[in-house]
Amino acid sequence: ASTLPLTEIEEILLWTELRSEERHAYDEDRAERERIREEVLARKRQEEERREEEEIKRLRKLLVHKAQPVRHYKPTVINPSDRPLTVPKTPKWNVRTRKLGLSIAPTH
């Protein structure tokens, strides 16, 4: 048997374990930030939908036809004219003649 003391076993800290713990903490933090961001977006979306519904209600209320009252004007009085009635006259058409001297317009 040996006279040397027994070797004490020390805890070995591997960088992969430390990196794994840091990454786990980072992933949890990132997941929390993402969850908060999603909540904010959901609230904004709900607020926008609520605003759009209110706007639609307001526009529909404006578009409802409301009857206008009949306006009463003073009656119009028609005075007879002292001018004579117009006597109709046949217009004088500009009649062009052809080379042979025939007229285009019918004769009466």
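The values are calculated or read from the model by the stated rules, or taken from the named source; none is laboratory data. The model shown is predicted, which means the values in this text are computed figures rather than measured ones. Cβ sites come from the backbone with ideal geometry, for glycine too, and all protein chains shown count toward neighbours. Accessible surface areas use protein heavy atoms only, side chains included; no ligands, DNA or RNA. Shrake-Rupley method; radii C 1.70, N 1.55, O 1.52, S 1.80 Å.
The table for this structure:
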quantity: Neighbour-limited loop hits for GluC sites (Glu not before Pro), the stretch 1-92 (at most 15 other Cβ within 10 Å; DSSP other than H, G, I, E, B); calculated: E8, E10, E11
quantity: Solvent accessible area, Å² - I12, 1.4 Å probe, full protein context; calculated: 120
quantity: Unit charges on C-beta of K, R, D, E only; dipole of the chain, Debye; calculated: 3620
quantity: Probe 1.4 Å - accessible area at S81, Å² to nearest ten; calculated: 90
quantity: Volume in Å³ per residue [convex hull over Cα atoms, computed for the chain]; calculated: 507
quantity: Heavy-atom accessible surface of the chain: percent carbon and sulfur, 1.4 Å; calculated: 57
quantity: Phi to ³J(HN,Hα) by Karplus 6.51 cos²θ - 1.76 cosθ + 1.60 over the stretch 12-27, Hz, x for Gly, Pro; calculated: 9, 9, 8, 5, 5, 5, 4, 5, 5, 5, 5, 5, 4, 5, 5, 4
